[in-house]
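Read the figures in this text as sums done on the coordinates, not as results from a lab. Everything numeric in this text was worked out from a predicted model, so none of it was measured. Glycine gets a Cβ as well: all are built from the backbone with ideal geometry, and neighbour counts include every protein chain shown.
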Amino acid sequence: MARLSISLLLLVMVSILYVCSPAESAPSSKSTSATNFIKASCKVTRYPALCVQSLTPYGTAIQHSRKELAHTALAVSLARAQSMKQFVTKLTKFKGLKHREYEAIKDCAEEISDTIDQISNSVQELKSMGRANGQDFSWHMSNVETWVSAALTDENTCFDGFAGRAMDGRIKNSVRARVTNVAQVTSNALALVNQFAARH
């Protein structure tokens, strides 16, 4: 009897908790609409899946703004480049690095620093554009496109020092994985910047 009462009490408590707990809210039509906009826009990029994955968390801010989409893509690229710089800087402090590895890592850190400067310039330029029209808009967009293209070149150059089998190993693989990710988000950002410029 006592067991039956305890079981009954537990069942009642679980039922109350279930009824009182807030129902999982379905995604709002606004966020679904923003996600669809991001997915459609990302089709112009070379890495659409990465584009959607890296930009969807910012859907609330992006909504249906091509400018905000391009700006967010640049901000994501900048954050990844900054993370890469920290990673490469830590690598230079590893004990037991070969001389060539150390030099390649140091060169890569310089290239990534240039990348950070160029993407930072692009972010600021896009932010300060306001309602620029005509020639002003073209001039600002040309600056942004030039800086992002240069950043992409620097990212790819970062890995040049690791060429050849003599450099194969854990360090090279770690750097390659990071460089590839940064280069891909930057490539996507450039495609979205170009899309914004073409449709303005």
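Translational diffusion coefficient of the stretch 126-200 at 20 °C, 1.002 mPa s, Stokes-Einstein with Kirkwood Rh over Cα pairs, in µm²/s as a whole number.
Estimated via Stokes-Einstein, D reaches 151 µm²/s.
Loop-only check: which chymotrypsin sites (Phe, Trp or Tyr not before Pro) in the stretch 65-117 are DSSP coil with at most 12 other Cβ within 10 angstrom?
PHE94
I'd like the Kirkwood hydrodynamic radius of the stretch 31-199, using the inverse of the mean 1/r over distinct C-alpha pairs, in Å.
16.6
Would you kindly state how much longer the chain becomes between LYS93 and GLU145 on full extension, computed as 0.36 nm times their sequence separation minus their alpha carbon distance, in nm to one decimal?
Result for the pair: 15.2 nm of gain on full extension.
Could you calculate, for the stretch 145-185, the ratio of the Cα radius of gyration to the Kirkwood radius, expressed as Rg to Rh?
My calculation puts Rg/Rh at 1.05.
The stretch 64-154: which trypsin sites (Lys or Arg not before Pro) are DSSP loop and have at most 16 other beta-carbon atoms within 10 angstrom?
Listed in order of number, the matching sites are LYS93, LYS95, LYS98, ARG131.
Which pairs in the list LYS90/LYS172; LYS43/LYS172; LYS67/LYS127; LYS39/LYS85; LYS95/LYS172 are over 21 Å apart, alpha-carbon to alpha-carbon?
Result: LYS43/LYS172; LYS39/LYS85 exceed 21 Å.
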